[in-house]
Amino acid sequence: MNVLVTGSAGLIGSEAALFFDSLGFAVEGIDNNQRADFFGAAGDTTWNRKRLEADCRTYRHWDLDIRDRAAILDLFQRVRFDLVVHAAAQPSHDLAADRPFDDFDINAVGTLNLLEATRKHAAEAVFLYLSTNKVYGDGPNRIRLRELETRWEYEDARYLEGIPEDFPVDHCMHSLFGVSKLAGDLMTQEYGRYFGMKTGVFRGGCLTGPQHAGVEMHGFLSYLILTTLTEGPYPIFGYGGKQVRDQIHSSDVVRALWEFAQDPKPGEVYNLGGGKENAASLLECIDLIEQVSHKRARLSYTDQNRQGDHICYYSDLRKFRSHFPSWQLTYNLERIVHEMVGELSERVGI
C-alpha cells in the first residue's frame, strides 16, 4: 500500500507516517514547514521531519505546498496512492483573521487540489480529511449550561454525551478558520457522495500529543505544558477559566483513521475527540499539569473571551464507536499529561 500524508511533520501527520511505516507500507509525506512562517521558531517542525526520516524505514519527504495545484497533480502522476491522510492545515483562529487568503487557500483550495488529484489519478484510494469541531461555530454556546466549581457542563439532556455530527453548522459565528475548514469538510463529503469516492471526514476535538509544536495561537494543551515547564506567562481568556475541551492523543486519532480506511463509508462524517471521559476545563488541566510537573505557569486573566470560542465542547463518540466497535481510547487525560510532561521536559532540556 502506498500512503500519502499531508502535514507529515505536524502532530497527526507524523503520528500517521510512523504508524503506516510500522505496518510496512510505503509512506510519502508532504510538508513545507509552513508552521514556521505562521508561528515563528516555536512552530518550526524541522526537528519532527528529521525524526521521521531517521526512524521510518520507507518515509520519503516532499517539500510541497498543497496550494500548488500543478505540483500536487505531478506527484499523483508519479505515485499511485491507495490511502491519503490529509492533515495539512492553517490551524489558528487568530492567524486566519490576519491572513485570510492564506487561510482559505490552504484549508479550502488545498483540500480541493488534493481531492481532484485523487479523483483523477487514484479514484479507488481512501481519502481521510482531518476537520475540526470549529465547523460548528459558536453554536454549542447556545446549549443550556450549568456552572460548576471548576468547569462548565451541559445541562440539556440531549448533549450529555457531547456534540453529535448532526449539530447545526450554520447561523453562527465560526472564525475565518472555522469557515475555511468547513469548506474543505463539505467538499470532502461531496466527493464521497457525488463521485462515490471513499472519503471520510473527522471533526477533531483537541488533538494532542508530545509531537505537537504548541504555540499560544494553536495547540492548547501542548502550549500550556510547555509554558508550565518553563514557568512562563499563560493568559486565560474569559469564562472564568472553566471552558471545557476534550483531549485525544494522536495515537488514538490515527488508529481511528486506520479503522475507517479498512472499511470506508463514502462521505461519512465523525466527531473525533476525547469525548466526555477525556473532557476537562482549563483550570482542571492547569491543576493536573501542576500535580505531574510540580510547576505552575504564571497565570493572568481577562474577562474578554476569544471570538467564537467554545464555553464547553466535547465530542459525542457514539456514531464512530457504533460503526467501528473495536476502536477504543487507549489514552486517558492523566496518561496524556504524564507522557507530554516527560517528553516535552526532555525536549526543552528541563
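The values are calculated or read from the model by the stated rules, or taken from the named source; none is laboratory data. Keep in mind the model is a prediction, meaning the values are calculated, not measured. Counting neighbours? That spans all protein chains shown, and the Cβs are built from the backbone with ideal geometry, glycine included. Just the protein is used for accessible areas: all its heavy atoms, side chains included, with ligands, DNA and RNA removed. Shrake-Rupley method; radii C 1.70, N 1.55, O 1.52, S 1.80 Å.
Could you go through region 250-260 and let me know if any residue there is at pLDDT 95 or above, more than 17 Å from the chain's Cα centre (by Cα) and under 24 Å from Glu339 (Cβ atoms). Checking region 250-260: at least one residue is at pLDDT 95 or above, more than 17 Å from the chain's Cα centre (by Cα) and under 24 Å from Glu339 (Cβ atoms).
Could you grab me the full set of residues in region 241-253 that are of a type outside the set (Ser, Thr, Tyr) and in contact with a strand residue (DSSP E or B) (Cβ under 8 Å, 6 or more places away or on another chain)? Write out each step before concluding.
So the first thing to find is which residues in region 241-253 are of a type outside the set (Ser, Thr, Tyr), and the list is 241-249, 252-253.
Scanning region 241-253 gives Gly241, Lys242, Gln243, Val244, Arg245, Asp246, Gln247, Ile248, His249, Val253.
So which residues in region 1-34 are open to solvent by 30 Å² or more (accessible area, probe 1.4 Å) and either in contact (Cβ under 8 Å) with a residue 24 or more places away in the chain or assigned to a loop (DSSP other than H, G, I, E, B) (or both), if there are any at all? It would help to see each step written out before you state the result.
First, pick out the residues of region 1-34 that are open to solvent by 30 Å² or more (accessible area, probe 1.4 Å): 1-2, 15, 18-19, 22-26, 32-34.
Within region 1-34, Met1, Asn2, Glu15, Leu18, Phe19, Leu23, Gly24, Phe25, Ala26, Asn32, Asn33, Gln34 meet the criteria.
Would you mind stating whether Glu161 is at pLDDT 95 or above, open to solvent by 40 Å² or more (accessible area, probe 1.4 Å) and touching an Asp or Glu at 6+ places or on another chain (Cβ under 9 Å)? Give the derivation first.
On the way: at pLDDT 95 or above: yes; open to solvent by 40 Å² or more (accessible area, probe 1.4 Å): yes; touching an Asp or Glu at 6+ places or on another chain (Cβ under 9 Å): yes.
The answer is yes for Glu161.
If I filter region 58-67 for residues that are in contact (Cβ under 8 Å) with a residue 24 or more places away in the chain, closer than 16 Å to Ala213 by Cβ and not acidic (Asp, Glu), do I get at least one hit? Within region 58-67 (the criterion being in contact (Cβ under 8 Å) with a residue 24 or more places away in the chain, closer than 16 Å to Ala213 by Cβ and not acidic (Asp, Glu)), the answer is no, since none of the residues qualifies.
If a residue must be open to solvent by 30 Å² or more (accessible area, probe 1.4 Å), closer than 17 Å to His294 by Cβ and of a type outside the set (Val, Ile, Thr), how many such residues does region 330-348 contain? Talk me through it step by step, then tell me what you get.
If we filter region 330-348 for residues that are open to solvent by 30 Å² or more (accessible area, probe 1.4 Å), which is where we start, we get 330, 332, 334-335, 338-339, 342-343, 346-348.
Narrowing the set further to residues that are closer than 17 Å to His294 by Cβ leaves 334, 338-339, 342-343, 346, 348.
From the residues that got through so far, the ones that are of a type outside the set (Val, Ile, Thr) too are 334, 338-339, 342-343, 346.
Result for region 330-348: 6.
Looking only at region 166-197, residues that are within 24 Å of Ala123 (Cα to Cα) and of a type outside the set (Gly, Ala, Ser) come to 13 in all.
Selection of region 259-314 for residues being open to solvent by less than 70 Å² (accessible area, probe 1.4 Å), assigned to a helix (DSSP H, G or I) and closer than 18 Å to Tyr159 by Cα yields only Asn278.
Residues Arg60, Arg69, Arg78: which one is closer than 22 Å to Glu190 by Cα, basic (Lys, Arg) and over 21 Å from the mean Cα position of the chain (by Cα)?
Details: Arg60 fails: closer than 22 Å to Glu190 by Cα; Arg78 fails: closer than 22 Å to Glu190 by Cα.
It is Arg69.
Given the conditions (1) over 28 Å from Gly184 (Cβ atoms); (2) open to solvent by less than 40 Å² (accessible area, probe 1.4 Å), report the number of the one that Val254 does not fulfil. If we test Val254 against (1) over 28 Å from Gly184 (Cβ atoms); (2) open to solvent by less than 40 Å² (accessible area, probe 1.4 Å), just (1) comes out false. Residues that are more than 30 Å from Arg119 (Cα to Cα) and of a type in the set (Phe, Trp, Tyr) number at least 2 in the following strands (runs of 3 or more DSSP E) confined to region 146-227: 152-154.
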